[in-house]
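Q: Here it is, the structure, as structure tokens.
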């Protein structure tokens, strides 16, 4: 059947959002989604393909509309429409469609977890490019239950981009309640619209039926509406044409009922034997020989989430514990609006938020046995550590905090009050702390953590340690990396103290993770400490309690050396394989990337020949000519160099990229930090974590 080409229904007078016709309008139906809606709107802010963002508040009673209004102050594309009472998802979408002339529509659920701007663009581009009339976003690798649901019933996905004209073919009666996605899928099949499935890796959402508030009976009612949508819209006939056989409503109902049982079984609170077996595969970690422990946390709460158990155990063994909190968490854009009902937060509101989060950390650490005198607040800008790291410390300082508007530390209780926001000052503070306290074990963020502040702090701390070891060869502390933000980690979510905390599969295969076993009493005290962060528990829901488990996870991070006249077998946080080379002139190191975003970068190799560093990077798949591979190099003086790698071979279909650095031009640095990116114009497609390598004196001309 030929695809129809029709125009939109005319927009009713008074409801048009703009006199101009936007290209792509995002539509988000929301019913009591105050906990989640802010995060989705934050994801959509940098997506330039969107000309309008329409949130339809379908009779919410929990303050959803207030959060949207606050967000609209920062994004003029954002518009709020409201129903006086709950009319259902289908009617909410039709209300939004009547208020826009956009020829393309992006439909998103309000409670998505793990969504990124890259996911959004993946949904939009095939439709804008004419490769499809509708894209269907399917969850992959986020949560077992939602992954399975999308595998068995992909037509139930609410994440789509489509031509607006397609909605004219949707049967309005069939689209009522939870039948909208089914009715839309059937209409596309009946009228010959081209559909493309788009995998959304790491994305998932909580159960849609008000997060299990109404239980099994409500879930059965939801699936009943889905079955009814198939019947009313003629979905059975479309199914017959496609698969040459008819499935009765009873069989489909049984399939959906099976999903009910699978999802409920997946949410059981007891640890499964399989999970425990995987936990026992991890080598145990010990803290009995630790005398001085230093924990570096990007924000107030990270120290407890990642190391609340380790802090308890170290204290019980008589070790001195110091906690260094680098930012005060004063960059949560919607926090003042939600916590203090400030519709137009000022810089002072964000500073008060920072002080509030300081007190929460002090209360939690007090429970864990750490006195206030051993907690150090550095006061650097939340959401600013990575920009400070990437900036040139000689010419691009100071950094201006996006929300407090401060350019220097505004907190009187900071370690270095009034310190200018610059990477060189943060590095100096970290080195001074290490020199003064000489910790023999350092806990720091994992280089692959997907939060920019976390991976930036990981780079700062490793650089500080490498420089201290250069100046004081007798000082050789151990470094353990911890993970907080990585896709849907930890799984499952919620307060499940008997469950095991396991590393993500993608990282588990690249490095050795160890588990620090906690007693039931230690887990319970950690859970109590997590509750001392009421602001974050309110804003982040069950994410924080998910870290109160029977164990904690750490992986050892090493700082390898790259010599110039001999060959060294190096070990890095990622999977490392040393390859043979000329021991008189070269050291060759194979470094698998620590993935942060995307999976295009497979591995790289670095070859040192005296003063020259040769870089070879391998991508997983062929890159297009418009896509560039950038090698970033950071030296201790604060300069960041960007080297565009050249394809090895044909421009089309290249998977190997080469580049060369001159150590002499960089002033023969003692340490090099480096990362890699894959970009298309300004769009970041993939990036690796930052690696740190010490440069031996070796041979210089």
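Q: Looking at (1) at pLDDT 85 or above; (2) assigned to a helix (DSSP H, G or I); (3) in contact with a strand residue (DSSP E or B) (Cβ under 9 Å, 6 or more places away or on another chain), can you tell me which one residue 189 breaks?
A: So residue 189 meets the others, but not (1).
Q: Taking the options 494, 514, name whichever one is surrounded by fewer than 21 Cβ atoms within 10 Å (Cβ to Cβ), farther than 20 Å from residue 692 by Cβ and in contact with a strand residue (DSSP E or B) (Cβ under 8 Å, 6 or more places away or on another chain). Before the answer, list the steps.
A: Values: 494 fails: in contact with a strand residue (DSSP E or B) (Cβ under 8 Å, 6 or more places away or on another chain).
None of the other options fit; the residue is 514.
Q: Continuing with this model, one more query. Which condition number does residue 489 fail, the rest of (1) touching a residue at least 24 places away in the same chain (Cβ under 8 Å); (2) buried (at least 17 other Cβ atoms within 10 Å of the Cβ) being met?
A: Single failed check for residue 489: (1).
Q: In the set 404, 400, 327, 395, which member is free of Cβ contacts under 8 Å to residues at least 12 places away in the same chain and under 24 Å from residue 427 (Cα atoms)?
A: On the way: 404 fails: free of Cβ contacts under 8 Å to residues at least 12 places away in the same chain; 400 fails: free of Cβ contacts under 8 Å to residues at least 12 places away in the same chain; 327 fails: free of Cβ contacts under 8 Å to residues at least 12 places away in the same chain.
Going through 404, 400, 327, 395 in turn, the sole match is 395.
Q: Here's another thing I want to ask about it. For residue 348, which of the numbered conditions (1) surrounded by fewer than 19 Cβ atoms within 10 Å (Cβ to Cβ); (2) within 28 Å of residue 35 (Cα to Cα); (3) touching a residue at least 40 places away in the same chain (Cβ under 8 Å) fails to hold?
A: Of the numbered conditions (1) surrounded by fewer than 19 Cβ atoms within 10 Å (Cβ to Cβ); (2) within 28 Å of residue 35 (Cα to Cα); (3) touching a residue at least 40 places away in the same chain (Cβ under 8 Å), the odd one out for residue 348 is (3).
Q: Quick one: which helices (runs of 4 or more DSSP H) sit completely within the range 414-514 and have at least 2 residues that are over 14 Å from residue 378 (Cβ atoms) and in contact with a helix residue (DSSP H, G or I) (Cβ under 9 Å, 6 or more places away or on another chain)? Walk me through it before giving the result.
A: Details: elements: 423-437, 452-471, 505-508.
So the answer is 452-471.
Q: Mind checking which strands (runs of 3 or more DSSP E) fall wholly inside the range 567-666 and carry at least 3 residues that are within 30 Å of residue 469 (Cβ to Cβ) and at pLDDT 50 or above? Before the answer, list the steps.
A: On the way: elements: 576-578, 586-592, 595-597, 601-609, 612-619, 627-634, 640-644, 656-662.
Output list reads 601-609, 612-619, 627-634, 640-644, 656-662.
Q: Here's a follow-up. Go through (1) closer than 20 Å to residue 383 by Cβ; (2) crowded, with 20+ Cβ neighbours inside 10 Å for residue 42 and report which single condition fails.
A: It is condition (2) that residue 42 fails.
Q: Mind telling me which of the residues 636, 647 ends up being in contact with a helix residue (DSSP H, G or I) (Cβ under 7 Å, 6 or more places away or on another chain), outside the structural domain of residue 471 (by TED's automatic domain parsing) and crowded, with 16+ Cβ neighbours inside 10 Å? Before you say what the answer is, go through the steps one by one.
A: Details: 647 fails: in contact with a helix residue (DSSP H, G or I) (Cβ under 7 Å, 6 or more places away or on another chain).
Within the list 636, 647, the selection yields 636.
Q: Same structure, new question: So which of 50, 123, 106 ends up being on the phi < 0 side of the Ramachandran plot, assigned to a helix (DSSP H, G or I), in the same structural domain as residue 34 (by TED's automatic domain parsing) and under 22 Å from the mean Cα position of the chain (by Cα)?
A: Numbers: 50 fails: assigned to a helix (DSSP H, G or I); 106 fails: assigned to a helix (DSSP H, G or I).
Only one candidate qualifies: 123.
Q: For the range 443-451, does any single residue satisfy the condition of being surrounded by fewer than 24 Cβ atoms within 10 Å (Cβ to Cβ) and modelled with pLDDT under 90? Before you say what the answer is, go through the steps one by one.
A: Step one: filter the range 443-451 for residues surrounded by fewer than 24 Cβ atoms within 10 Å (Cβ to Cβ), giving 450-451.
Still in the running and modelled with pLDDT under 90: 450.
Yes: the range 443-451 contains one or more residues that are surrounded by fewer than 24 Cβ atoms within 10 Å (Cβ to Cβ) and modelled with pLDDT under 90.
Q: Still on this structure: Among 536, 528, which is the only one that is closer than 23 Å to residue 444 by Cβ, in a helix (DSSP H, G or I) and at pLDDT 90 or above? Steps first, please.
A: Values: 528 fails: closer than 23 Å to residue 444 by Cβ.
Testing whether each residue is closer than 23 Å to residue 444 by Cβ, in a helix (DSSP H, G or I) and at pLDDT 90 or above leaves just 536.
Q: Only one of 677, 665, 622 is under 21 Å from residue 463 (Cα atoms) and surrounded by fewer than 16 Cβ atoms within 10 Å (Cβ to Cβ). Can you tell me which?
A: Details: 677 fails: surrounded by fewer than 16 Cβ atoms within 10 Å (Cβ to Cβ); 622 fails: under 21 Å from residue 463 (Cα atoms).
None of the others qualify; the one that does is 665.
Q: Hey, another quick one. On the given criteria, is residue 135 assigned by TED's automatic domain parsing to the domain that holds residue 167, in contact with a helix residue (DSSP H, G or I) (Cβ under 6 Å, 6 or more places away or on another chain) and outside any helix (DSSP H, G or I)?
A: Working: assigned by TED's automatic domain parsing to the domain that holds residue 167: yes; in contact with a helix residue (DSSP H, G or I) (Cβ under 6 Å, 6 or more places away or on another chain): yes; outside any helix (DSSP H, G or I): yes.
Considered against the rule, which asks whether it is assigned by TED's automatic domain parsing to the domain that holds residue 167, in contact with a helix residue (DSSP H, G or I) (Cβ under 6 Å, 6 or more places away or on another chain) and outside any helix (DSSP H, G or I), residue 135 comes out as yes.
The values are calculated or read from the model by the stated rules, or taken from the named source; none is laboratory data. Computed from a predicted model, the values in this text were never measured in an experiment. Virtual Cβ from ideal backbone geometry, glycine too; neighbours counted across all protein chains shown.
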